[in-house]
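S.K.: The structure's right below; bear with me while I get my questions together.
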Amino acid sequence: MLIYSSDLCDQTVADVRVCIVGAGAAGITLACELDGCGHKVLLLEAGGLKPTAATQDYYVGAANPPHPRSSEWRRVVFGGTTSVWGGRCVPFDPIDFEPREYVTNSGWPISYAEIARYYPRAMQYCEAGEFDFTATGSIDRGVPTIAGWTSDGVIDNDLIERYSPPTRFGKKYRAALRASRNVTAILGTRCTGLCRAAGDDRIEGVEVVLQSGKRRVIHADIVILAMGGIETARILLASDRNGSGFGNRMDLVGRFYGCHLGCVVGKFVPQRGKAAFDFEKTRDGIYCRRKFQFTAAAQRENRLLNTAFRLHFPAYSDASHKSSVMSTIYLAKSMLIPEYRNIIEYNAEHLAVKSPARQHWRNVVMGVPQVIRFGIDWTFRIHLARREMPYNLVESQNGSYPLEFNCEQTPMESSRIMLLSDRDKHAIPRVRIDWRRSDEDIVSAHRGFVVLREALSRTGVCRLEFDDSKLHERLASAAPVWSHHLGTTRMAMSPRNGVVDSNCAIFDLPDVYVASSAVFPTGSHANPTLTIVALSLRMAAHLRGRLNAPIPTAALG
Ligand SMILES: Cc1cc2nc3c(=O)[nH]c(=O)nc-3n(C[C@H](O)[C@H](O)[C@H](O)COP(=O)(O)OP(=O)(O)OC[C@H]3O[C@@H](n4cnc5c(N)ncnc54)[C@H](O)[C@@H]3O)c2cc1C
């Protein structure tokens, strides 16, 4: 069933076995997997079917630049942030789960194999095709990433990232949830805190505020927090009005907050013709793009954080790209979603040349036919297509490519989410995001660029150029990849090192689980959503075991 909080009656909230809070990628996956489990399941969502300024205000808080504002890069709406996500799907690698002596606070309490078995079904949820991320395994008649470049064990250049259509979880799975007999999704129902039995580790339920402003407690045996990486920590910290928060006996809730580091650095030059730069389609019809990455052996040998590289397009703001399309996008950037506009502005201010508007207008006038072709292409391949081409790529004119890197951050206790004394309209303290990064990250990225340059120069078919004297400064200006909120209730073997155990249950409150990138102890270089969905599937299997319900195996409709 799917109802609004105004339709909620006592019967709806009686005898609830499982209460999931938050209907984003994690919460909706869990709700779908618990459909038919034979027990009453509620899915509470603060937002409605459409985002509004009033609900988005729930996320307003403070953040230290260059971290974006706390109300950006996440959405209060049924479907959560998948209502705007870009759909890039990338799995974690086995090395991400290992304790690495050169990465402080690294190591998961579970192995890669325990997640990998859920990736194929996570791919179905994200509509991203087969769980195969090699170019040779996925692309028919695929050209090599770079002609003549054979891997020498330092770089793996046979890798792709796959793109979801992108699946808007709120739209895609709404009908299935509406038809469910045991799952009820309740819109406009915001969790304001948890309540637990006095002096006990047992959870009693969740406190909610309804759209009408009325407050009530919903009792449930098991509670799953699926509110995203920032909000989950916020609600745990805000729950215990007399103390330091729930699940926070060791003062770890909100700590180890990380994102990914990303930046465009240097010039990648293929020496024998063009590189495989543009989007391609896999044999199962999924848009994909090439990437390359240090092998696990090279990471260990050179003490590198897990880092991926992609060939990038020129900076929008630098009119020397001479692309009428890029100049049009640059001039019309106010029409983009605010988050993408902010990236263009950030890059223009901190990383790239910002040409005067007249130079961009000159590009536009010189290339009107290309702009028209782009408009038609955009309408049919992006706007109207069921499977959108993720975005339009424009090559630079000179046969070289700026190089984009994404890497994990070293988890740091001092990087954290805290509560402000200021409160929102439901009296929940607003968040303060104190994002930090370690100097180790910049040292690793610097070493990585040197290792990459050497490895490429040995190939004889491509090279990497950068200015050694400016590399450190450039890498130090890398921004946190904006929409990835990781680690605030990290998974660990013991409560001394984390907030949740290997089943993602809170050590101090074993009937409360966290389904979110908040549990990631380290973040890989990969975008988080595919792994969030895989972990949610693993949690659903665990809960079905607890509830004595069979595991669903059918393919998704
Ligand atoms: C522009 C953009 C592009 C992105 N591109 C990619 C990409 O290409 N690849 C990728 O992997 N990721 C991408 N992401 C990130 C991706 O969207 C998130 O990783 C993913 O949506 C997180 O899922 P989640 O379920 O943990 O949280 P969310 O999707 O944020 O869902 C949380 C839900 O909880 C609800 N909620 C919050 N607080 C409460 C409360 N107190 N009570 C009740 N409900 C509550 C919210 O309304 C929301 O519906 C992108 C994000 C943005 C903004």
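S.K.: Taking Ser483, is it of a type in the set (Ser, Thr, Tyr), assigned to a loop (DSSP other than H, G, I, E, B) and away from the ligand (no atom under 16 Å from the Cβ)?
M.R.: Numbers: of a type in the set (Ser, Thr, Tyr): yes; assigned to a loop (DSSP other than H, G, I, E, B): yes; away from the ligand (no atom under 16 Å from the Cβ): no.
So Ser483 does not fit the description; no.
S.K.: Give, as residue ranges, the strands (runs of 3 or more DSSP E) completely inside the range 171-229 that count at least 1 residues that are of a type in the set (S, T, N, Q), within 16 Å of the ligand (Cβ to nearest atom) and surrounded by fewer than 23 Cβ atoms within 10 Å (Cβ to Cβ).
M.R.: Numbers: elements: 183-187, 189-196, 203-210, 215-225.
Because the criterion is at least 1 residues that are of a type in the set (S, T, N, Q), within 16 Å of the ligand (Cβ to nearest atom) and surrounded by fewer than 23 Cβ atoms within 10 Å (Cβ to Cβ), the strands (runs of 3 or more DSSP E) in the range 171-229 that meet it are 183-187, 189-196.
S.K.: Criterion first (assigned by TED's automatic domain parsing to the domain that holds Gly266 and in contact with a helix residue (DSSP H, G or I) (Cβ under 8 Å, 6 or more places away or on another chain)) does Phe520 satisfy it?
M.R.: Numbers: assigned by TED's automatic domain parsing to the domain that holds Gly266: no; in contact with a helix residue (DSSP H, G or I) (Cβ under 8 Å, 6 or more places away or on another chain): yes.
Criteria not met by Phe520.
S.K.: Write out, first by first residue and then by second, each pair whose Cβ atoms fall under 7 Å of each other, whose residues are 6+ apart or on separate chains, and whose first residue, in the range 44-55, is in contact (Cβ under 8 Å) with a residue 40 or more places away in the chain while the second is part of a loop (DSSP other than H, G, I, E, B) and more than 9 Å from the ligand (Cβ to nearest atom).
M.R.: As it stands, the answer is Gly48/Gly188, since those pairs meet every condition given.
S.K.: Is one or more of the residues making up the range 86-107 part of a loop (DSSP other than H, G, I, E, B), modelled with pLDDT under 95 and within 16 Å of the ligand (Cβ to nearest atom)? Walk me through how you get there before you give the answer.
M.R.: First, the residues of the range 86-107 that are part of a loop (DSSP other than H, G, I, E, B): 86-87, 90-93, 98-107.
Cutting the leftovers down to modelled with pLDDT under 95 gives us 86.
Keeping just the survivors that are within 16 Å of the ligand (Cβ to nearest atom) gives 86.
Yes, the conditions are met somewhere in the range 86-107.
S.K.: Among the residues of the range 91-103, is any within 28 Å of Val269 (Cα to Cα), assigned by TED's automatic domain parsing to the domain that holds Asn503 and of a type in the set (Asp, Glu)?
M.R.: Yes, the conditions are met somewhere in the range 91-103.
S.K.: In the range 486-497, which residues are assigned to a loop (DSSP other than H, G, I, E, B) and either outside the structural domain of Glu98 (by TED's automatic domain parsing) or in contact with a helix residue (DSSP H, G or I) (Cβ under 8 Å, 6 or more places away or on another chain) (or both)?
M.R.: Of the residues in the range 486-497, the ones assigned to a loop (DSSP other than H, G, I, E, B) are 487-490, 492-497.
The answer is Gly487, Thr488, Thr489, Arg490.
S.K.: Can I ask one more? Could you please find all residues in the range 20-64 being more than 9 Å from the ligand (Cβ to nearest atom), under 19 Å from the mean Cα position of the chain (by Cα) and within 15 Å of Phe169 (Cα to Cα)?
M.R.: Leu30
S.K.: Quick one: is Ser502 away from the ligand (no atom under 16 Å from the Cβ), in contact (Cβ under 8 Å) with a residue 24 or more places away in the chain and part of a loop (DSSP other than H, G, I, E, B)?
M.R.: Working: away from the ligand (no atom under 16 Å from the Cβ): yes; in contact (Cβ under 8 Å) with a residue 24 or more places away in the chain: yes; part of a loop (DSSP other than H, G, I, E, B): yes.
So Ser502 passes the test.
The values are calculated or read from the model by the stated rules, or taken from the named source; none is laboratory data. Remember, predicted model here, so these are calculated numbers, not experimental data. Don't worry about glycine lacking a Cβ; one is built from the backbone with ideal geometry, like all the others, and counts go over all protein chains shown.
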